Amino acid sequence: MEINTLMADIRKCDTFELSEREKVVLIKVIKSSYSKKKISSYLKLKRDKFDFDEGPYLMKLIKYGLIEKKSGNLLRDGVSYELTTCCLLYVFLNMQNYSNLLLLKYQENTLLRNLLYSHFDPISIREFFPMISYDITQYLRICCRNLFNLLKSSKNFKAPNSEDLKKMLEYELDWQSKILLLRIALISSKGEVKYSESRQSLPDTSSNNTQYLRILNKMLTSDQRFLKLFNIVKKEFDDGYTEILNQSRNYDKPE
């Protein structure tokens, strides 16, 4: 894990209480960042159903450090915006649902590269996200919240990048990744699939559930990154279980 880079990027971020209008504009930018359609120049705003008065809100989002303007041909291509690490942090902390296209678009971002794609192949996020979206969004929210809170609480320490803090963060993120793995493994074994909103209109029948579980099991057995974490957790569980049994036998021995 690139813990030093991750810590440095998160330290640049702050919390913002965005107005409702700022949230609306931010959502438009988020959707445009992974679609072919870009936010157009002021000459094209009306045709693309963007309000003329949204320009100042875009400037505020830039000032907050949530988005960055990309260079390009203004009249031909429109204006392109990229989300920053701080914006992704905001999304994961505050939004209940988002598209896997967002996660795929920014898979090289420090946050996603370390938290998500160290445990999942992009193909899994592309093909199986609807079945594990609830668990993924919860995982990212908890990781980002703990990361942000731990770093902010240590901001005034003399040695904020101390080895102790690094170990604390690594331990916390490692623990959350194992919880995520166990949740997904239990979904597979118990058949308790929590569908994303895009799937909620489908009838909750045993045939549909069986179909999705079959697809999910395919991911669990084909994603090498996921299997690597799975094998680590399995070994730790087996070792812990053996230790508990040994301790139990020692307690049961007559004196």
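In table form, for the structure just shown:
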| read-out | value |
| --- | --- |
| Of all residues making up segment 98-142, the number that are aromatic (Phe, Trp, Tyr), in contact with a helix residue (DSSP H, G or I) (Cβ under 8 Å, 6 or more places away or on another chain) and either surrounded by fewer than 17 Cβ atoms within 10 Å (Cβ to Cβ) or closer than 18 Å to Phe226 by Cα (or both) | 5 |
| Close pairs (9 angstrom Cβ cut-off, 6 or more residues apart or separate chains): within 19 Å of Lys12 (Cβ to Cβ) in segment 43-69, of a type in the set (Phe, Trp, Tyr) and modelled with pLDDT of 90 or more anywhere | Tyr64/Tyr90; Leu66/Tyr90 |
| Subset of segment 82-97 [touching a residue at least 24 places away in the same chain (Cβ under 8 Å) and either farther than 14 Å from Ile136 by Cα or buried (at least 20 other Cβ atoms within 10 Å of the Cβ) (or both)] | Glu82, Leu83, Thr85, Cys86, Cys87, Leu88, Leu89, Tyr90, Val91, Phe92 |
| Pick from segment 186-209, criterion among the hydroxyl-bearing types (Ser, Thr, Tyr) and in contact with a helix residue (DSSP H, G or I) (Cβ under 8 Å, 6 or more places away or on another chain), ranking: modelled with the lowest pLDDT | Ser198 |
| Entirely in segment 84-149, the helices (runs of 4 or more DSSP H) that have 1 or more residues that are farther than 17 Å from Leu66 by Cα | 100-105, 110-115 |
| Hits in segment 1-19 (condition: outside any helix (DSSP H, G or I), surrounded by 13 or more Cβ atoms within 10 Å (Cβ to Cβ) and either modelled with pLDDT of 90 or more or not aliphatic (A, V, I, L, M) (or both)) | Cys13, Phe16, Leu18 |
| Cβ pairs under 6 Å, 6+ apart, first in segment 155-168 and within 16 Å of Thr5 (Cα to Cα) and surrounded by 10 or more Cβ atoms within 10 Å (Cβ to Cβ), second among the small types (Gly, Ala, Ser) and at pLDDT 60 or above | Pro160/Ser154; Leu165/Ser154 |
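Residues checked against (1) modelled with pLDDT under 55; (2) of a type outside the set (Lys, Arg):
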| position | (1), (2) |
| --- | --- |
| Pro160 | yes, yes |
| Asp164 | no, yes |
| Leu169 | no, yes |
| Ile184 | no, yes |
| Gln211 | no, yes |
| Arg214 | no, no |
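The values are calculated or read from the model by the stated rules, or taken from the named source; none is laboratory data. Please read these numbers as outputs of a predicted model, since none were measured by experiment. Methodologically, a virtual Cβ is constructed for each residue, glycine included, from the backbone with ideal geometry; neighbour enumeration extends over all protein chains shown.
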